[in-house]
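Report on the following structure.
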Amino acid sequence: MEIQRFGIVVKVNDLDACRIFYRELFAPLLPVMDSTFTVVFELAPNLTFSLEKSNAPYLEHSSCAQGWKFDSADFESLRRRLAAAGCELEPEPDCRDSGLYWRGCDPEGNIILVRQLDAL
């Protein structure tokens, strides 16, 4: 079976706060769909990242099993944009399977891990 398209869907309670945060995170990309119940970013030709509004009271992200891990070629600029969006990356990196990652959280506590490309 050949996969034609891949997508990540994150359910959030506060879609407006997460919309702003992920717009800053993925800048200069803008959402390809932006409504009152979903926001979709096309990160690559066959990869989407979606936020879906949910009123589920059980959504508690800071202890959840998933996190987002990605690399940044302009780490300091990304760090400043994330801080402006309310996400301070921890000052010391974690050693992970493929390098050093700085940890932060989105507005709902979803874990993000950022690796500086020139730190490889």
Stretched fully, the stretch from residue 36 through residue 4 gains (0.36 nm per residue minus C-alpha distance, one decimal, in nm) 8.8 nm
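Accessible area of the chain with a 1.4 Å probe: how many percent of it is carbon plus sulfur?
Values: 3980 of 7190 Å².
Of the solvent-accessible surface of the chain, carbon and sulfur hold 55 percent.
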Along principal axes, largest first, the alpha-carbon spread of the stretch 1-56 in whole Å comes out as 36, 29, 15
In degrees rounded to 10, the 0-90 angle between helix 15-25 Cα long axis and the longest Cα principal axis of the chain is 40
As a percent rounded to 5, the proportion of antiparallel DSSP bridges among beta bridges in the chain is 55
If one compares the long axis through the Cα atoms of helix 75-84 with the longest principal axis of the Cα atoms of the chain, the angle in degrees, nearest 10, works out at 50
Given a 1.4 Å probe, the accessible area of the chain per residue, as a whole number of Å², is 60
Rounded to whole angstroms and listed largest first, the alpha-carbon spread of the chain along its three principal axes comes to 37, 36, 27
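The values are calculated or read from the model by the stated rules, or taken from the named source; none is laboratory data. Predicted model, so just to flag it, every value in this text is computed and none were measured. To get the accessible areas, we keep the full protein, side chains included, count just its heavy atoms, and leave off ligands, DNA and RNA. Shrake-Rupley method; radii C 1.70, N 1.55, O 1.52, S 1.80 Å.
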